[in-house]
Amino acid sequence: NFLEKARRLRSTTIGARLEDVLPPVILDHLDITRRIRQVFEKGEASLGERMVYRAPGVPLRIYYYRVLPFSWKGLVENVVLLMDDVTEQIQLSEEIRRVERHLASVVQSASDIVLSTNTEGRILTWNTAAEKISGYLSEEMKGQFFFACCSLDHQERVKGLFSRLEFQETGEWNLITRDHAVIPVSWILSPMKDDSGGTVGVVAVGRDLTER
């Protein structure tokens, strides 16, 4: 793998000095000579770090590298420089973060109430529209039971739905605001599923019906 990526031959690599094999930018970035010396002296692997490198004619790659000792009877005889190519993993995580930011922006920009809870019905997220309509800030609502936000005559119904929600449910349940006003809201509750199909929470979307 190293020979392919470095575009080198085994015959000109085995037995060669590091400075004749590794590009100067890697040698300087890794401070490889000092790291190797420390591994020989301490017998302990170096801490892992991330490095971005682009070889001539090759797309940019991201590596996670460590220097590991090979010991025999307590004596470090050799060390290995392990450079794990994590480019795809990093790019995937960055794409996931981009999608998450986009979804968060959509939720925060929505005119309807959008919130999520765990399986017990405790609020995890509370969007801008929910803050505006209810008068309660997101920080205040996190960890609170959703049914407690509803009028007393609707609380038991909502509490029961959150405890056993497996399919989408709809209903009209009044929301009580910070000022004790009663807001009629049309709700759609949907279960959040994990990769194995288990329910891990609930997403609730509510539309203010006051004007209607």
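Some observations on this one:
- Some residue of region 109-126 being open to solvent by 70 Å² or more (accessible area, probe 1.4 Å) and among the aliphatic types (A, V, I, L, M): yes
- Filtering region 10-38 to residues that are assigned to a loop (DSSP other than H, G, I, E, B) and touching a Leu at 6+ places or on another chain (Cβ under 7 Å) leaves only THR13.
- The criterion of being in contact with a helix residue (DSSP H, G or I) (Cβ under 9 Å, 6 or more places away or on another chain), among the basic types (Lys, Arg) and within 23 Å of PRO191 (Cα to Cα) holds for ARG157.
- Failed item in (1) part of a helix (DSSP H, G or I); (2) of a type outside the set (Gly, Ala, Ser); (3) out of contact with any strand residue (DSSP E or B) (no Cβ under 6 Å at 6 or more places or on another chain), with TYR136 passing the rest: (1)
- Strands (runs of 3 or more DSSP E) contained entirely in region 59-122, each with at least 3 residues that are over 20 Å from the mean Cα position of the chain (by Cα): 61-72, 75-85
- For region 157-170, filtering for residues that are outside any loop (DSSP other than H, G, I, E, B) and either touching a residue at least 12 places away in the same chain (Cβ under 8 Å) or loosely packed, with under 11 Cβ neighbours inside 10 Å (or both) leaves 8.
- For region 172-212, filtering for residues that are of a type outside the set (Ser, Thr, Tyr), closer than 17 Å to THR117 by Cα and either outside any loop (DSSP other than H, G, I, E, B) or open to solvent by 100 Å² or more (accessible area, probe 1.4 Å) (or both) leaves 14.
- Exactly one residue out of GLU88, GLU77 is without any contact (Cβ under 8 Å) to a residue 24 or more places away in the chain, in contact with a Ser or Thr (Cβ under 9 Å, 6 or more places away or on another chain) and among the acidic types (Asp, Glu), and it is GLU77.
The values are calculated or read from the model by the stated rules, or taken from the named source; none is laboratory data. For clarity, every value in this text was computed on a predicted model and none was experimentally measured. Positions of Cβ are backbone-derived with ideal geometry, glycine not excepted, and every protein chain shown enters the neighbour counts. The area values use the complete protein model at the heavy-atom level, side chains included, leaving out ligands, DNA and RNA. Shrake-Rupley method; radii C 1.70, N 1.55, O 1.52, S 1.80 Å.
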